[in-house]
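Below: one structure, written as structure tokens.
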Protein chains: 2
Amino acid sequence: MNIGEVAKLSMVNAKMIRRYEEQGIIPKASRTFAGYRQYSEKDVHILRFVKRARELGFSMKDTKQLLGLWKNQNRSNSQVKSLAQKHKTELEEKLNEIQAMLSTLDVLIKHCHGDSRPDCPILQELECHKGRH
Amino acid sequence: MNIGEVAKLSMVNAKMIRRYEEQGIIPKASRTFAGYRQYSEKDVHILRFVKRARELGFSMKDTKQLLGLWKNQNRSNSQVKSLAQKHKTELEEKLNEIQAMLSTLDVLIKHCHGDSRPDCPILQELECHKGRH
DNA sequence: CCTTGACCTTCCCACCATGGTAAGGTTTAA
DNA sequence: TTAAACCTTACCATGGTGGGAAGGTCAAGG
């Protein structure tokens, strides 16, 4: 199977497949005499795993680790769980940051009339010279 | 005022100040004979504006626009409002993505015993061969 | 006068993840 | 034989931030 077909089957862009290989996340593909990468069903399986992990927001590094645990039959699932929990914590932090931004933005947008007047509460807040920050 | 002092006063890293200048977000600072950038109180004010906008998650590009509207006395505040609303929408999309990831992660983590057994629901989900995805 | 340390300058490289494009080789089908 | 659809590597871009090297400048103190 060429890279284009495995890309279709796994829904992972060919460019990303090459990059995953480059970064050691997936094993190096064997090559034809002409240099074309060759793949099997197993690789489709691996790439789908990668894709799913990435969709859940795991970093490349974490995904690499998860793959390692996946193929390691001697793993303990506590390792997987702690990786997932660490990631969850990071996501929650991001979530909080965004929520904080949104709540401020909400207030500002509500206070702004949005007409042609030049006085704008949003800019006044950003100006921030009343010691709010 | 040198860049170090304006950095302290505005809480914006000197490195970022140079970058903002490079990208045309803030005006080019005048220089001493030796080439040192010179700043005034006004620049501190501008940089605080930038900092606040960045803290609210506005991109460099948006921040540049906001600065333009800020110093333009002929602005209509509807322009500011629509910029803020566009940003709010983007933040909400990010928020939804993260929430979706978190809810899936939550389920997976709860189902995983986290002991030394090798069978792990998290990996099974990532493996994703049951046609869930 | 000279050194030392704290500043400043530019330049390049790193991260993370992805996408584009250019220049070239290969395979397949018409 | 040629055209298209594929493949290869290599470089550049994004967005935002940080590190560090190599070098110039300035003030204080011996």
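The values are calculated or read from the model by the stated rules, or taken from the named source; none is laboratory data. Computed from a prediction, not measured in an experiment: that's the story for all the values here. Note: ideal-geometry Cβ built from the backbone for every residue, glycine included; neighbour counts use all protein chains shown.
The table below gives the values:
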| read-out | value |
| --- | --- |
| Test for B:Leu47: is it buried (at least 18 other Cβ atoms within 10 Å of the Cβ), within 13 Å of chain A (Cβ to nearest Cβ) and within 14 Å of DNA strand C (Cβ to nearest atom) | yes |
| Unique match (being facing chain B (nearest Cβ under 7 Å), in contact with a Pro (Cβ under 7 Å, 6 or more places away or on another chain) and not small (Gly, Ala, Ser)) among A:Gln85, A:Gln73 | A:Gln73 |
| Test: B:Arg37 is more than 29 Å from B:Leu91 (Cβ to Cβ), surrounded by 13 or more Cβ atoms within 10 Å (Cβ to Cβ) and touching a strand residue (DSSP E or B) at 6+ places or on another chain (Cβ under 7 Å) | yes |
| Single residue of B:Ile46, B:Ile25 found to be free of Cβ contacts under 8 Å to residues at least 40 places away in the same chain and either closer than 21 Å to B:Gly4 by Cα or not assigned by TED's automatic domain parsing to the domain that holds B:Asn2 (or both) | B:Ile46 |
| Answer residue from region A:108-123, given it is of a type outside the set (A, V, I, L, M, F, W, C) and buried (at least 17 other Cβ atoms within 10 Å of the Cβ) and is nearest to the other protein chains (Cβ to nearest Cβ) among those | A:Gly114 |
| Given (1) touching a helix residue (DSSP H, G or I) at 6+ places or on another chain (Cβ under 6 Å); (2) more than 16 Å from DNA strand C (Cβ to nearest atom), index of the condition B:Val12 fails | (2) |
| Residue selected from region A:15-45 under the condition in contact with a helix residue (DSSP H, G or I) (Cβ under 8 Å, 6 or more places away or on another chain), of a type in the set (Ser, Thr, Tyr) and assigned to a loop (DSSP other than H, G, I, E, B), by the criterion nearest to B:Leu108 (Cα to Cα) | A:Tyr39 |
| Condition check for B:Gln38: within 14 Å of DNA strand C (Cβ to nearest atom) and either farther than 17 Å from A:Gln124 by Cα or polar (S, T, N, Q) (or both) | yes |
| Count - residues of region A:15-35 that are hydrophobic (A, V, I, L, M, F, W, C), within 11 Å of DNA strand C (Cβ to nearest atom) and within 23 Å of the chain's Cα centre (by Cα) | 3 |
| Residues of region B:76-85 that turn out to be among the basic types (Lys, Arg) and surrounded by fewer than 19 Cβ atoms within 10 Å (Cβ to Cβ), as a count | 0 |
